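Below: one structure, written as structure tokens.
Values in this text are rule-based calculations from the coordinates and carry no lab data. In this text, all values refer to a predicted model and were calculated from it rather than measured experimentally. Reconstructed Cβ throughout: ideal geometry from the backbone, glycine too, with neighbour counts over all protein chains shown.
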Ligand SMILES: Cc1cc2nc3c(=O)[nH]c(=O)nc-3n(C[C@H](O)[C@H](O)[C@H](O)COP(=O)(O)O)c2cc1C
């Protein structure tokens with residue numbers, strides 16, 4: 001299975017069975033995002049993806065282990081309903097049971113290393129530091145997520161004390177530390193980006209933001225228009241209580257000191273975000289995006305996969321010629 005172009009799992013709407021299937025049908029590796037879906041919804045997403053493709057695809061599962069936090073004071077200060085706060089493990093066990101019954105080609109985990117690490121199929125684990133990479137024993141591949149990446153940082157423990165390492169630096173450090181296949185993610189927006197991580201030792205490149213504007217992505221219109229513009233991204237906990245990168249908007253700017261409180265704050269802000277999405281108000285819901293989001297292209301996802309492969313080929317050819325000079 002070469003499938004060098006991997007479509008990143010994107011919870012909260014953008015990832016759809018149609019997107020995963022289109023990418024896999026074009027020779028990439030599509031991913032479903034199980035995050036925030038119920039186990040039942042995951043089962044139906046799996047069935048729908050199987051209906052749309054007979055090619056391999058992956059499913060991503062949250063494996064977070066944060067301790068419960070009381071967010072009543074924050075919720076009240078923000079004018080939101082504190083009663084919505086709750087801690088859940090995102091139906092981890094039920095989702096694994098669904099995947100056991102109908103295993104996809106790859107299952108990837110983010111936000112932590114599950115104990116035990118299930119081996120229903122090929123197992124990938126997201127890492128954001130060399131230390132996490134060293135501790136991810138048993139994984140068949142590591143998703144090396146640089147700090148340019150859109151969406152939540154896949155760190156195993158969310159903490160203020162941390163170093164945000166970019167994709168190329170992290171890839172080089174992880175490659176020197178462990179001997180497993182690496183999937184590079186974060187800030188890769190075109191074929192040249194793919195070529196660069198392959199040259200740096202990755203087996204595959206995972207792109208998230210680059211797929212957000214494709215026809216099959218579930219990205220809502222107000223989010224689509226912001227993605228297409230140049231716009232600064234920043235790391236924030238203001239939507240979910242866990243550090244994530246999104247295009248800066250009013251809510252993000254207004255709450256720079258949001259606490260570490262995932263998933264409680266995710267549930268507290270959930271109704272506000274759903275309303276804002278429905279209203280087309282891009283200032284009050286999360287606009288998760290990587291630092292190169294403005295390079296995202298529209299059109300069918302399958303065409304994008306083919307274009308990215310062509311561009312990567314050209315970029316490597318050009319690099320080769322530069323070296324031969
Ligand atoms: C909207 C959005 C949702 C995301 N949701 C998930 C997720 O559910 N699980 C996960 O492992 N990563 C998630 N990510 C992170 C991606 O897997 C990947 O690391 C990131 O998109 C790569 O950076 P890029 O956006 O610059 O390509 C998400 C990213 C975005 C943009």
| query | How high is the relative contact order of the stretch 1-68, in percent, counting Cα pairs under 8 Å that sit 6 or more residues apart? | reply | 35 percent
| Acute angle (nearest 10 degrees) that the helix 92-101 long axis makes with the longest principal axis of the chain, alpha-carbon atoms | 40 degrees
| task | State the three equivalent ellipsoid semi-axes of the chain, derived from the C-alpha gyration tensor as the square roots of 5 times its eigenvalues, in descending order and whole Å. | result | 29, 22, 21
| note | Answer check: the stretch 131-280, Cα atoms, Kirkwood Rh, Rg/Rh ratio of 0.99
| task | Against the globular-protein guess of 2.2 N^0.38 Å, express the Cα radius of gyration of the stretch 1-76 as a ratio, rounded to two decimals. | result | 1.36
| query | Over the stretch 219-325, one equal point on each Cα, no solvent: what is log10 I(q)/I(0) by the Debye formula at q = 0.09, 0.19 Å⁻¹? | reply | -0.34, -0.94
| If we restrict to alpha carbons, what Rg and Dmax does the stretch 209-267 come to, in Å? | 12.7, 36
| remark: Largest-first semi-axes in Å of the equivalent ellipsoid built from the Cα gyration tensor of the stretch 130-208 are 19, 16, 10
| Which whole-number percentage describes the relative contact order of the chain, with Cα contacts under 8 Å and a sequence gap of 6 or more? | 19 percent
| remark: Taking 54-63, 219-228 and ranking on average Cβ neighbours within 10 Å, highest first, one gets 54-63, 219-228
| said: I need the Debye-formula profile for the stretch 179-241: one equal scatterer per C-alpha, no solvent, reported as log10 I(q)/I(0) at q = 0.13, 0.29 1/Å, two decimals. | reply: -0.49, -1.17
| note | Convex hull around the C-alpha positions of the stretch 1-131: the volume in Å³ per residue is 139 Å³
| request: Just rank 137, 126, 214, fewest to most, by other beta-carbon atoms within 10 angstrom. | output: 137, 214, 126
| Does anyone have the angle between helix 39-52 and the longest principal axis of the chain? Alpha-carbon axes, 0 to 90°, nearest 10? | 30 degrees
| note | Percent antiparallel among DSSP beta bridges confined to the stretch 112-265, nearest 5, equals 35 percent
| message | If packing is taken as the average number of other Cβ atoms within 10 Å across a peptide's residues, how do 107-115, 287-295 rank, most packed first? | response | 287-295, 107-115
| Whole-percent pair-distance distribution, where bins are 10 Å wide, for the alpha carbons of the stretch 49-117 | 16, 35, 25, 18, 6
| Per the Kirkwood treatment, what hydrodynamic radius in Å, one decimal, follows for the stretch 85-178 from the mean inverse distance over all distinct Cα pairs? | 14.3 Å
| request: At 10 °C and 1.306 mPa s, grab the translational diffusion coefficient of the stretch 154-200 from Stokes-Einstein with a Kirkwood Rh over Cα pairs, rounded to a whole number in µm² per second. | output: 132 µm²/s
| query | Ranked highest first by the average count of other Cβ atoms within 10 Å around their residues, in what order do 229-237, 30-38 fall? | reply | 30-38, 229-237
| message | Can you sort 240, 11 from fewest to most other Cβ atoms within 10 Å of each residue's own Cβ? | response | 11, 240
| said: As a test, work out the antiparallel percent of DSSP beta bridges whose residues both lie in the chain, rounded to the nearest 5. | reply: 20 percent
| Nearest-ten-degree value, helix 301-324 long axis tilted from longest Cα axis of the chain | 50 degrees
| note | If 255, 152, 119, 64 are placed from fewest to most neighbouring beta carbons inside 10 Å, the sequence is 119, 255, 64, 152
| field | residue 200 paired with residue 177, simple spin-label distance in nm, labels 7 Å along Cα-to-beta-carbon | value | 1.5 nm
